[in-house]
1. May I ask you to list the residues in region 68-102 that are within 21 Å of the chain's Cα centre (by Cα) and of a type outside the set (Val, Ile, Thr)?
2. Of all residues in region 218-233, which are over 12 Å from Glu159 (Cα atoms), of a type in the set (Gly, Ala, Ser) and buried (at least 21 other Cβ atoms within 10 Å of the Cβ)?
3. What tally of residues in region 21-47 results from selecting those that are more than 16 Å from Ile82 (Cβ to Cβ), touching a strand residue (DSSP E or B) at 6+ places or on another chain (Cβ under 8 Å) and aliphatic (A, V, I, L, M)?
4. Quick check on this structure: which one of Ala161, Ala198 is under 22 Å from the mean Cα position of the chain (by Cα) and within 16 Å of Ala139 (Cβ to Cβ)?
5. Applying the selection to region 138-151, what residues are surrounded by 21 or more Cβ atoms within 10 Å (Cβ to Cβ) and outside any loop (DSSP other than H, G, I, E, B)?
6. Is it fair to say Val243 is in contact with a Phe, Trp or Tyr (Cβ under 8 Å, 6 or more places away or on another chain) and of a type in the set (Val, Ile, Thr)?
7. Return yes when Ala54 is over 19 Å from Ala173 (Cα atoms) and of a type in the set (Gly, Ala, Ser) and no when it is not.
8. Would you point out the residue of region 282-307, among those that are among the aliphatic types (A, V, I, L, M) and either under 15 Å from Pro242 (Cα atoms) or not assigned by TED's automatic domain parsing to the domain that holds Thr255 (or both), that is surrounded by the fewest Cβ atoms within 10 Å (Cβ to Cβ)?
Amino acid sequence: MRILFMGTPDFAVPSLEALIAAGHDVCGVFTQPDKPKNRGMKLQPTPVKVCAQAHDIPVFQPVKLRDGAALAQIQALSPELIVVAAYGRILPDDILAAPPKGCINVHSSLLPKYRGAAPINWAVLNGDSETGVTIMHMAHDLDAGDIIDQAATPIGPEETAAELYGRLASLGAELLVKVVAEIAAGTAKRIPQDGSCATLAPMLSKELSLVDWSRGAQEIYNQIRGLIPWPAASTDVLTGEPVKLWGAQVVEKRTDAKPGSVLAAGKQGIDVACGDGLTLRILELQAPGSRRMAAADYLRGHPIPMG
């Protein structure tokens, strides 16, 4: 099938590679414009652009989608189907209507749960035990189109959002190839979503970062797992400076200490009292201007008062 692919981050790369490996004619790739990164602030291509160029696929990076220019490019490419995976832009109705077989999206949740920009993170933040991927027909409303197929997977009790991200990218690519074959054969399903069951997964922000130690230990642990790699959970209860938290574990040790109190600090980590009377042990952290390190290494240069 002749396919136009739209995607930007690492999550989308397995889907693009899977379509190529399955023998489809990927006639072009739309991806976000290059952005400056790192200390030198040099323009960096998106992961999808790098993949497309490695396969000699034409790359388009429109700044706008509603001025008619992007639509003209799509019409010139004449795709039968548009496949979208984490493109990062909302497609206007004229583009949605352009390909004869429509537009489909690889979404990293079991819709209608977690419509929006950060479904992987919110599944971990909320302590879910299961998530998955959905391939859906795209519609005017965000993530509200008819479902074609879904694949579920458990979330490990210690799995971070970054780890789950990679697994769902692979799962989505596998399911995408199956669905595209069904679309080509005319056997793809259309299952309307129940909008009354929809939940939202809004974009992450730095405001989510600071740990509130009056919450339960498992909730805080989920916050740490769910905000990796960005914006990362943080706390200032250790030495007064904000440190990012990269690893922790819930310790089934009861305490009546004030939430946020440091109970112990040593080779095993830094134990902090939580609001439910349990303890969270910080295992890995990052001080401002420093690298990630084990909590025991951090303690060598940062004595922490108890209580």
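The values are calculated or read from the model by the stated rules, or taken from the named source; none is laboratory data. None of the values given here were measured: they were computed from a predicted structure. Every residue, glycine among them, receives a Cβ derived from its backbone with ideal geometry; neighbour counts consider all protein chains shown.
1. Residues satisfying the conditions are Ala85, Ala86, Tyr87, Gly88, Arg89, Leu91.
2. Correct list: Ala233 only.
3. 1
4. Ala198
5. Matches in region 138-151: Ile148 only.
6. In short, yes.
7. Working: over 19 Å from Ala173 (Cα atoms): no; of a type in the set (Gly, Ala, Ser): yes.
No; evaluated as a whole, the condition is false for this residue.
8. Let us first name the residues in region 282-307 that are among the aliphatic types (A, V, I, L, M), namely 282-283, 285, 287, 293-296, 299, 304, 306.
In the following step, the residues that additionally are either under 15 Å from Pro242 (Cα atoms) or not assigned by TED's automatic domain parsing to the domain that holds Thr255 (or both) were identified as 282, 285, 287, 293, 295, 299, 304, 306.
Values: Ile282: 24, Leu285: 27, Ala287: 17, Met293: 16, Ala295: 26, Leu299: 17, Ile304: 15, Met306: 10.
Taking the candidates together, the pick is Met306.
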